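Before any comments, here is the structure.
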Amino acid sequence: MNGSVSTAALKRNLAQDDNRIIVTTIQKLNNLMKSESSLGVYSQRVVFIFDECHRSQFGEAQKNLKKKFKQFCQFGFTGTPIFPRNASGAETTASVFGRELHSYVITDAIRDEKVLKFKVDYNDVRPRFRNIESEQDEDKISAADHRQALRHLERIREVSRYILNNFRRKTPRMQGGTKGFNAMFAVDGVETAKLYYETLNALQADSDTPLTIATIFSFAANEEPRVAGDIPDEGFEISAMNSSAKEFLGKAIDDYNRFFKAGFSLDSDGFQNYYRDLAKRVKAGDVDLLIVVGMFLTGFDAPKLNTLFVDKNLRYHGLIQAFSRTNRIFDATKTFGNIITFRDLEQATIEAITLFGDTNTANVLLEKSYKDYMEGYADAATGAARRGFIEILGDLEQRFPDPVHITGETDKKDFVNLFGEYLRTENILRNYDEFTALEALQDIDLNDPEAVEAFRTAHHLSQKDTSYALCEAVEAFRTEHHLDAADFAALKAVNMPTDRMMQDYRSTYNDILEGLRRERTAVDAQATAMNWDGVTFEVDLLASCDIDLDYILELILKNNRKGTDKGNLVQEARRMIRASLGNRAKESLLVDFINGTDLDRIDDTPGVIEAFFTFASAAQQREADDLIKRENLNPEAARCYMDASLQRGFASDHGTGLNAALPAMSPLNPEHRTRKQRVFRAMVAFVEKFTGVGGRLH
């Protein structure tokens, strides 16, 4: 199999007798057919196989192919065929390639759990611009006054604020240490990309945790007729860009170079290398938000990308293609592709999914409503009843009001199943704006006008039904849109669990998981009385809402300033860290830090974090020395093994590192295996305790 990097390379490959399979692009093939009137391959038997065949088979290339090649057949693969409804001319996918041989559509893939559903938010945060956002006529949108409306700086800022305020929840990465997913932002042109890029970066200029934002675009050649809904191809030829676009793209690449210590440029090779590096970093999650016009919206797979913000009109196959950048399978925390539109795309979405499916496609392809997940619903495919969040939470609180004292094996199993159901439903709901408002409402004193006003501003609450009687503070702040009186009353009616209760639930869940792991890995473990087969521990979901250590330290400092005594500080710290799957091993270290540190002398969060890491580093050195002395280990080899284990985040008994640390002893000695197991267990505990906080050993 031979690839063809250029038209000349394609010609050479075709001339060689041993090249039976050649990979190229339709553009290179068309250039060859236009420049070469007579080639031997034109008279040979040829099979063409086109991927994404809906994009490039309706113009000049297809006409030239039929004219030049005398004996050929062609097969086309596409997830979004061109039908009469979304064709701009007479040609459709069927008219070019014939009757379909096989179909496997997106609803099949969802049922087979090969891809995820979509959750689409038709965002409505800018009432002043609603009319133009609902306009579907591209000619009207292209008019100067409408461009001014869509690119009005107030609108750009409102959308940008929404993205920044909700990004960590949508991706999700609610705690500082949670990596989460990343997102793409599809906009309607280079000028819009520039406005958003500059506005987003300006708004987050003073943030302690700014998003890493990148952008890419190029000149979109449009030689062939476009079909309805098509997203134009953007090639690597940038010479046709105007000077303003080039200047902006050059600045964006310079920003990228500074952040990633790279050296990409706007020349042809430099731009292609930038594209490749950007694709790699988006897939790895190194770029938080990628602003695009057309690039990356088709044919780009990045499982760690879960969200697409949209400020452009999309239709038919272009809409499905763009949405599908978000729905690749990753892990349990990624339950659907998240779509947030800043145009009125609801009807366009329904038309697109109906075109590529049937009347029931929406039930399969789109996520349920907030109300469905809160109150329960019937599964469209099976008819089975699905419990809602309110019922699950009520069951959890009724059956396990004191999770700390769950002891029986049957109760443990029931608790794991029920709390896992809660975690799965909560993970879905966290992507709904209504649930965010519900969580925030729990911390609001409705008798405090200032707190209520801050809540109203943050969540765009309104009072549409002025006859609804609420306290004066609530009346004062409900002046805009989004939640009417009935919606707000529904929020108030849901009694969410307190942070302390959730910490106890997570702590107990972690205790059961940890106990089962120890039991199953113990050398002399007996068969458990309880059969845990079929019980799923939602480890990914626990990790996604983990409280990171910096956050815990910040809360400790805040509670100390409120006058909390050491005993209560320790108690709260234990509660928080035991609820954290990734930090439980650091419990004793954190308690020793609180008891051994004068917190009154620490001024701010960076100060308490620095103090803790200094404390942890000293403790790590002491405990390493104690372990080496207690087990009579080889000091140099033991420290080398510990350092390597701390760097990778876990201890391993594979390889020679652990054996080199052990005292000289024949492997045939019965004590050798016992000592090795004992030392390894001690090393595992040491590494879990100090990974990420102790630094390198001296």
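The values are calculated or read from the model by the stated rules, or taken from the named source; none is laboratory data. Please read all numbers here as calculations on a predicted model, not as lab measurements. For neighbour counting, all protein chains shown are included, and Cβ atoms are generated from backbone atoms with ideal geometry for every residue, glycine included. Each accessible area value is taken on the protein alone, full model and side chains, heavy atoms only, with ligands, DNA and RNA left out. Shrake-Rupley method; radii C 1.70, N 1.55, O 1.52, S 1.80 Å.
Looking at the square roots a ≥ b ≥ c of the eigenvalues of the Cα gyration tensor of segment 274-335, which shape do they give, rounded for a/c under 1.5, prolate if a/b is larger than b/c, or oblate?
It is oblate, given that a/c is not under 1.5 and a/b is not larger than b/c.
Computed over the Cα atoms of segment 333-426, what is the convex hull's projected area averaged over all directions, in nm²?
Here the figure is 8.3 nm², rounded to one decimal.
In segment 238-286, which trypsin sites (Lys or Arg not before Pro) are in a loop and have at most 12 other Cβ atoms within 10 Å, using DSSP for the loop call?
Lys261
Can you give the charge dipole size of segment 290-389 about its Cα centre, rounded to the nearest 20 debye, using +1 on the beta carbon of Lys and Arg and -1 on the beta carbon of Asp and Glu?
Dipole size: approximately 240 debye.
On a C-alpha basis, how far is the centre of segment 631-693 from the centre of segment 329-353 in Å? Whole number, if you could?
49 Å
So which lysines can Lys246 reach, going by Cα to Cα under 24 Å and dropping same-chain residues fewer than 8 places off?
Straight-distance partners of Lys246: Lys194, Lys261, Lys280, Lys312.
Once R0 is set to 56 Å, what does the formula 1/(1 + (r/R0)^6) return for the Cβ-Cβ distance between Ser369 and Asn669, expressed as a FRET efficiency to the nearest 0.05?
0.25
Using a cut-off of 11 Å between beta-carbons, work out the net charge of the residues near Pro303 (Lys and Arg +1, Asp and Glu -1, Pro303 not included).
Values: positive: Lys283, Lys304, Arg325, Arg328, Lys334; negative: Asp301, Asp331.
Net charge around Pro303: +3.
Report the normalised scattering of segment 544-629 as log10 I(q)/I(0) at q = 0.25 Å⁻¹, calculated by the Debye formula with identical scatterers on the alpha carbons.
With no solvent term, the Cα-only Debye profile gives -1.32.
Using a probe radius of 1.4 Å on heavy atoms only, what accessible surface per residue do you get for segment 245-288? Whole Å² is fine.
Per residue, segment 245-288 has 51 Å² of solvent-accessible surface.
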